[in-house]
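Q: Attaching a single structure in structure tokens format; questions to follow.
The values are calculated or read from the model by the stated rules, or taken from the named source; none is laboratory data. Given the structure is predicted, the values throughout are model-derived calculations rather than measurements. Note that each Cβ is placed from the backbone with ideal geometry, even for glycine, and that neighbours are counted across all protein chains shown.
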Amino acid sequence: MLRMMVDFRNTCAHGSRLFNRAFKRALSIKKHETNGDLLGHLLEPGFTAAPKPNQRLYIYAAALAFMLRSHSAGSTWHLTFKTQIRKFDLTLLASDGTQLIAPNVSMGFPSGWEELALWKSTP
């Protein structure tokens with residue numbers, strides 16, 4: 001998990017692209033590593049249509065959001081991240097009309113991710 005966070009941090013810190021990156025390290029989350037329903041959706045087979053879903057931005061961001069929300073000091077990073085992804089407005093279509101770049105296609109976001117408990121305000 002720490003190596004994954006180092007890769008994520010370095011990608012962000014050095015200005016590399018995130019929108020369609022497949023990170024080197026696949027993140028594998030086991031059922032006993034989830035807390036309630038915050039990461040449970042990552043255990044569902046085919047939680048996203050993106051290729052290599054365990055190496056895409058979404059699973060890395062979900063793990064980071066989970067860790068930050070679990071910290072005793074709390075965090076609102078998950079809300080800031082959600083806002084930034086909403087602002088991502090780049091449409092690139094293939095010649096057949098299929099979408100090439102979108103959060104669910106190139107970044108591993110599952111459908112309806114914004115409504116998941118992980119990305120909602122803390123109670």
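Q: In the range 1-31, which residues are β-branched (Val, Ile, Thr) and surrounded by 13 or more Cβ atoms within 10 Å (Cβ to Cβ)?
A: Thr11, Ile29
Q: Quick check on the range 87-112: of everything there that is polar (S, T, N, Q) and surrounded by 12 or more Cβ atoms within 10 Å (Cβ to Cβ), which residue is modelled with the highest pLDDT?
A: Ser106
Q: Condition first: closer than 19 Å to Ile101 by Cα and either touching a His at 6+ places or on another chain (Cβ under 7 Å) or surrounded by 11 or more Cβ atoms within 10 Å (Cβ to Cβ) (or both). Can you find one or more residues in the range 32-41 that meet it?
A: No, the range 32-41 has no match at all.
Q: If you don't mind, there's one more thing I want to ask. Output yes when any residue across the range 83-90 is under 19 Å from Gly46 (Cα atoms) and either of a type in the set (D, E, K, R) or under 14 Å from the mean Cα position of the chain (by Cα) (or both), and no when none is.
A: no
Q: Please list, ordered by first then second residue, the pairs with beta carbon atoms under 8 Å, 6 or more apart or interchain, first in the range 20-33 and under 20 Å from Ser106 (Cα atoms), second part of a helix (DSSP H, G or I) and among the hydrophobic types (A, V, I, L, M, F, W, C).
A: Every condition considered, the pairs that remain are Arg21/Leu57; Phe23/Met4; Phe23/Phe8; Arg25/Met4; Leu27/Met4; Leu27/Ile59; Leu27/Ala63.
Q: List the number of the failed condition for Ser16; all other conditions in (1) under 20 Å from Ala117 (Cβ atoms); (2) out of contact with any helix residue (DSSP H, G or I) (no Cβ under 6 Å at 6 or more places or on another chain); (3) among the polar types (S, T, N, Q) hold.
A: (1)
The rows are residues; the columns are (1) more than 24 Å from Ser121 (Cβ to Cβ); (2) in contact with a Leu (Cβ under 9 Å, 6 or more places away or on another chain).
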site: Met1; (1), (2): yes, yes
site: Thr11; (1), (2): yes, yes
site: Lys31; (1), (2): yes, yes
site: Ala65; (1), (2): no, yes
site: Thr76; (1), (2): no, yes
site: Ser95; (1), (2): yes, no
site: Gly108; (1), (2): no, yes
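Q: Would it be correct to say that Thr91 is out of contact with any helix residue (DSSP H, G or I) (no Cβ under 9 Å at 6 or more places or on another chain), of a type in the set (S, T, N, Q), free of Cβ contacts under 8 Å to residues at least 40 places away in the same chain and closer than 20 Å to Leu116 by Cβ?
A: So Thr91 fails the test.
Q: Sticking with this structure for a sec: Being free of Cβ contacts under 8 Å to residues at least 60 places away in the same chain and among the polar types (S, T, N, Q): is that true of Ser106 here?
A: No; evaluated as a whole, the condition is false for this residue.
Q: Taking the range 34-61 as the region of interest, how many residues are farther than 15 Å from Asn104 by Cβ and among the aromatic types (Phe, Trp, Tyr)?
A: 1
Q: Is it fair to say Leu92 is of a type in the set (A, V, I, L, M) and within 20 Å of Val6 (Cβ to Cβ)?
A: No; evaluated as a whole, the condition is false for this residue.
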